[in-house]
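The values are calculated or read from the model by the stated rules, or taken from the named source; none is laboratory data. Everything numeric here is computed off the predicted structure, so don't read it as measured data. Here Cβ is always computed from backbone atoms with ideal geometry, including for glycine, and neighbour counts include all displayed protein chains.
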DNA sequence: AAATTTAGTGTACAGATGTTCATTAACTTC
DNA sequence: GAAGTTAATGAACATCTGTACACTAAATTT
């Protein structure tokens with residue numbers, strides 16, 4: 001049941017599209033919080049009842065906007081794996097680049113939505129998808145039975161989201177390739193246990 | 001400018017506390033979205049104007065509730081470092097345990113707020129604090145000039161948030177100690193480059 | 001203790017919300 | 001192409017929101 005399903009009544013498709021476009025347009029000029037449903041339907045030139053027929057509140061409308069974006073995210077990272085059964089670090093990096101490229105492609109909307117803090121569920125929704133990433137394989141090949149898969153998976157997904165958020169906050173000052181490089185660098189740069197003890201300013205007693 | 005500042009007019013302190021308590025109480029029985037400001041002030045037995053004198057909308061009230069919680073988070077992780085200038089992996093793990101213990105102490109409110117998806121900014125706010133963690137030191141001692149500090153910091157902070165969210169979603173089925181162990185295990189378990197190539201199901205041609 | 005400042009109250013009002021319902025218009029099915 | 005279905009409309013209504021203002025009650029300042 002995709003959001004842009006073409007098997008749906010044309011009237012619904014048109015109304016929903018107009019509502020989405022209107023919301024995006026309004027978000028470019030005013031704060032999400034200040035946008036009323038009345039604003040949206042007036043710009044969309046639709047009856048207010050039409051909005052309530054499809055959505056409960058404006059967040060739900062924005063959610064649907066983002067579902068379209070996330071659908072592209074999924075396509076993006078899956079693409080390099082289409083015809084590959086064996087993968088190496090190189091194919092992984094291709095997949096990682098695709099993710100960042102996808103974000104760069106939708107830079108406008110990511111900026112608009114992430115900076116507006118309009119969608120409380122967006123972080124979790126993105127991470128839900130990131131958890132399905134081939135990056136999980138990165139964990140699998142170094143079998144450490146001590147590590148809890150679910151925790152590690154959530155760790156990894158939110159970590160990548162963290163990089164994306166930082167990227168958005170810099171107004172995309174890095175390239176997608178650079179972001180992918182950084183992610184792989186961070187993932188592969190693990191500490192050597194022996195070097196763990198370090199001094200900060202000066203050596204001091206263990207307790208004072 | 002703390003939220004529970006005692007240097008503030010007693011009337012303000014009382015009103016704010018009553019409003020916070022009322023909101024929390026209401027959140028236990030109904031969805032955040034369905035709670036109206038009228039509900040809050042009626043339960044608090046205060047005039048609606050009093051709410052608007054201090055807050056713009058209910059999210060702002062909830063934000064202040066969480067600021068009190070976050071204040072405790074900060075105290076918690078700083079505590080082990082009070083009298084230490086040299087730190088080792090052991091002291092780090094103590095600090096990490098303190099974070100998870102703090103979350104466990106406020107399990108009720110973390111569950112209430114994170115599961116309600118009421119605060120779009122909460123993730124970012126928590127991560128803002130996590131970025132200040134001594135974990136940064138963990139990065140510093142293995143100097144890799146290729147790694148972008150800001151990106152790595154955001155990566156690490158959101159990664160820990162990811163673990164916390166997963167923990168909340170399991171209704172705290174693990175202990176704080178276990179969570180800390182897992183975090184340290186994940187952080188220190190880095191792949192060896194040589195073993196990077198793995199096969200999934202069967203070997204296949206590079207492209208089809 | 002008196003003077004001043006400021007928080008909380010009660011009322012009022014315009015606009016937004018969320019829902020209902022009868023009516024019209026567009027689409028789907030046969 | 002006709003019949004049946006369902007989306008969109010317009011109007012109406014109770015409730016909530018956000019703001020304003022004059023008033024009082026409690027705090028702080030001197």
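Annotations
- All conditions but one from (1) at pLDDT 90 or above; (2) in a loop (DSSP other than H, G, I, E, B); (3) crowded, with 18+ Cβ neighbours inside 10 Å apply to residue B:151; the one that does not is (2).
- Qualifying residue in region B:69-82 (condition: at pLDDT below 95, away from DNA strand C (no atom under 12 Å from the Cβ) and outside any helix (DSSP H, G or I)): yes
- Subset of region B:1-22 (residues that are modelled with pLDDT of 95 or more and more than 12 Å from DNA strand D (Cβ to nearest atom)): B:16, B:17, B:18, B:19, B:20, B:21, B:22
- Selection of first residues in region A:1-21 that are away from chain B (no Cβ under 14 Å) and assigned to a helix (DSSP H, G or I) and of second residues that are modelled with pLDDT under 95 and more than 9 Å from DNA strand C (Cβ to nearest atom), restricted to Cβ pairs under 9 Å at least 6 apart or on distinct chains, gives the following pairs, ordered by first then second residue: A:13/A:4; A:13/A:5; A:13/A:6; A:16/A:3; A:16/A:4; A:17/A:4; A:20/A:68.
- Residue in region A:53-60 that is more than 14 Å from chain B (Cβ to nearest Cβ), under 23 Å from residue A:120 (Cα atoms) and within 12 Å of DNA strand C (Cβ to nearest atom) present: yes
- Residue tally, condition within 13 Å of DNA strand C (Cβ to nearest atom) and over 25 Å from the mean Cα position of the chain (by Cα), over region A:14-52: 18
- Leading residue by the ranking (nearest to the chain's Cα centre (by Cα)) among those in region B:112-123 that are within 7 Å of chain A (Cβ to nearest Cβ) and surrounded by 19 or more Cβ atoms within 10 Å (Cβ to Cβ): B:123
- Of all the residues in region A:47-80, those that are without any contact (Cβ under 8 Å) to a residue 24 or more places away in the chain and away from DNA strand D (no atom under 16 Å from the Cβ) number 4.
- Residue match in region B:32-46 (condition: more than 14 Å from every other protein chain (Cβ to nearest Cβ), under 17 Å from residue B:109 (Cα atoms), part of a helix (DSSP H, G or I) and more than 12 Å from DNA strand D (Cβ to nearest atom)): no
- Per this entry, residue A:63 is not counted among residues that are closer than 30 Å to residue A:167 by Cα, within 14 Å of chain B (Cβ to nearest Cβ) and modelled with pLDDT under 80.
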